[in-house]
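S.K.: Provided herewith is a single structure, encoded as structure tokens, for subsequent inquiry.
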Amino acid sequence: MNESAPQPGELESLFLIPREYARIFLKGLMNLIYDVEVQGVENIPESGGGVIVSNHTDNLDVIVQGTAVSRKIVYLGKYELFHPQEPFLELLKDPSFDHFPLSLVKTGLKTTFDAIGGYQGKTLLNWGGVPILRSHNITDSKSAAKYYEDLENYMVDLVQKGELISVYPEGTRSEDGKLGSFKALAAKIAIRAGVPIIPSGIHGAWRMTKLDSFLTGKVFKTKIVYKIGRPILPAEFPNEPVKRAAKLLTEELEHRVAELSGVDLSQEDSSNGNRNL
């Protein structure tokens, strides 16, 4: 599933910013802007595979989570994040770059784009990012099913190798700050791999990276609370077939994440109708 990730060589690794340095820097920077409080870090297993889940309100969630936990957390990112140079390289294929005067700069631009893009991809890998297969080959329900099956198998393999991976069960960022319905992928991964799943919840980060929040000064010393709950161990998983067990575990996770993030599900249910889990 890891599609041609840019791997750093021994010499290149010397020039990559170590993850711990980046974590300390970002943590300090966040605390200069926001008022971040983290609770329950002791609930993160010191070693071994695991799945940590959380609600997803803003891009800031990843930074809050990644800096709160000293252990490396693996985030699966879209292919394009690890290969940002490709759109620019496509532009260089335009025939106009084969003729004077653009032909004079074509090689230099290609080298520059490759260097910058390669450095970004290798740095993300060094910090715990993992690229996933591009989804643009999905053309129908059959290819979509195959894609998500491969993705699930890939993530199961990662945690079985001892990685701690982060999954946002809502599948996307919340547009209104409310908790969306959870998908069962995270629960299925934990059940199949036989690893703990750790619920967590963030409150106060919604829209905190938006330009208007900075322009109005709202971001400064805004209280953001990130709570990490007690892990659900494999012995506590429902004793049911995988699909049924994943559904039941997902329902439990949704309620725990709601509690940790300060969300009242009963009020959301009454305003939004029944939730589809």
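S.K.: Quickly run through the stretch 237-262 and pick out the residues that are touching a Lys or Arg at 6+ places or on another chain (Cβ under 7 Å) and touching a residue at least 60 places away in the same chain (Cβ under 8 Å).
M.R.: A246, L260
S.K.: Output the qualifying pairs, or none if there are none: Cβ atoms under 6 angstrom, residues six or more apart or on different chains, first residue in the stretch 151-172 and touching a residue at least 60 places away in the same chain (Cβ under 8 Å) and more than 17 Å from G48 (Cα to Cα), second residue open to solvent by 20 Å² or more (accessible area, probe 1.4 Å) and charged (D, E, K, R).
M.R.: From residues that are touching a residue at least 60 places away in the same chain (Cβ under 8 Å) and more than 17 Å from G48 (Cα to Cα), the pairs are P169/K183.
S.K.: Identify all residues within the stretch 91-102 that are part of a helix (DSSP H, G or I) and modelled with pLDDT under 80; write none if there are none.
M.R.: L91, F97
S.K.: Turning to a different aspect of this structure: Report, by residue number, each residue of the stretch 32-86 that is open to solvent by 10 Å² or more (accessible area, probe 1.4 Å), modelled with pLDDT under 85 and among the acidic types (D, E).
M.R.: Selection gives E80, E86.
S.K.: Follow-up question, since we're still on this one. Name the residues in the stretch 210-237 that are among the β-branched types (V, I, T), surrounded by 15 or more Cβ atoms within 10 Å (Cβ to Cβ) and modelled with pLDDT under 95, would you?
M.R.: V219, T222, I224, V225
S.K.: All but one of (1) open to solvent by 60 Å² or more (accessible area, probe 1.4 Å); (2) touching a Leu at 6+ places or on another chain (Cβ under 9 Å); (3) at pLDDT below 90 hold for K188; state the number of the condition that does not hold.
M.R.: Among (1) open to solvent by 60 Å² or more (accessible area, probe 1.4 Å); (2) touching a Leu at 6+ places or on another chain (Cβ under 9 Å); (3) at pLDDT below 90, the lone unmet condition for K188 is (3).
Results for (1) at pLDDT 90 or above; (2) open to solvent by less than 10 Å² (accessible area, probe 1.4 Å), shown as yes or no for each residue.
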| position | (1), (2) |
| --- | --- |
| I165 | yes, yes |
| D176 | no, no |
| S181 | no, no |
| A184 | yes, no |
| R192 | yes, no |
| I202 | yes, yes |
| M208 | no, yes |
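S.K.: Considering the stretch 152-163 alone, what residues qualify as being assigned to a helix (DSSP H, G or I) and either among the charged types (D, E, K, R) or surrounded by fewer than 22 Cβ atoms within 10 Å (Cβ to Cβ) (or both)? It would help to see each step written out before you state the result.
M.R.: If we filter the stretch 152-163 for residues that are assigned to a helix (DSSP H, G or I), which is where we start, we get 152-160.
E152, N153, Y154, V156, D157, L158, Q160 - these are the residues of the stretch 152-163 that are assigned to a helix (DSSP H, G or I) and either among the charged types (D, E, K, R) or surrounded by fewer than 22 Cβ atoms within 10 Å (Cβ to Cβ) (or both).
S.K.: Sticking with this structure for a sec: P18: of a type outside the set (A, V, I, L, M), under 21 Å from L76 (Cα atoms), at pLDDT below 75 and exposed (fewer than 15 other Cβ atoms within 10 Å of the Cβ), yes or no?
M.R.: On the way: of a type outside the set (A, V, I, L, M): yes; under 21 Å from L76 (Cα atoms): yes; at pLDDT below 75: yes; exposed (fewer than 15 other Cβ atoms within 10 Å of the Cβ): yes.
For P18, the condition - of a type outside the set (A, V, I, L, M), under 21 Å from L76 (Cα atoms), at pLDDT below 75 and exposed (fewer than 15 other Cβ atoms within 10 Å of the Cβ) - is met.
S.K.: Out of all the residues in the stretch 238-247, is one or more under 21 Å from the mean Cα position of the chain (by Cα), at pLDDT 95 or above and surrounded by 14 or more Cβ atoms within 10 Å (Cβ to Cβ)?
M.R.: The answer is yes; a qualifying residue exists.
The values are calculated or read from the model by the stated rules, or taken from the named source; none is laboratory data. Fair warning: this is a prediction, and the values are worked out from it, not measured in the lab. Here the Cβ is made from the backbone with ideal geometry for all residues, glycine too, and neighbour counts use every protein chain on show. Calculation scope for accessible area: heavy atoms of the full protein, side chains included, ligands and nucleic acids excluded. Shrake-Rupley method; radii C 1.70, N 1.55, O 1.52, S 1.80 Å.
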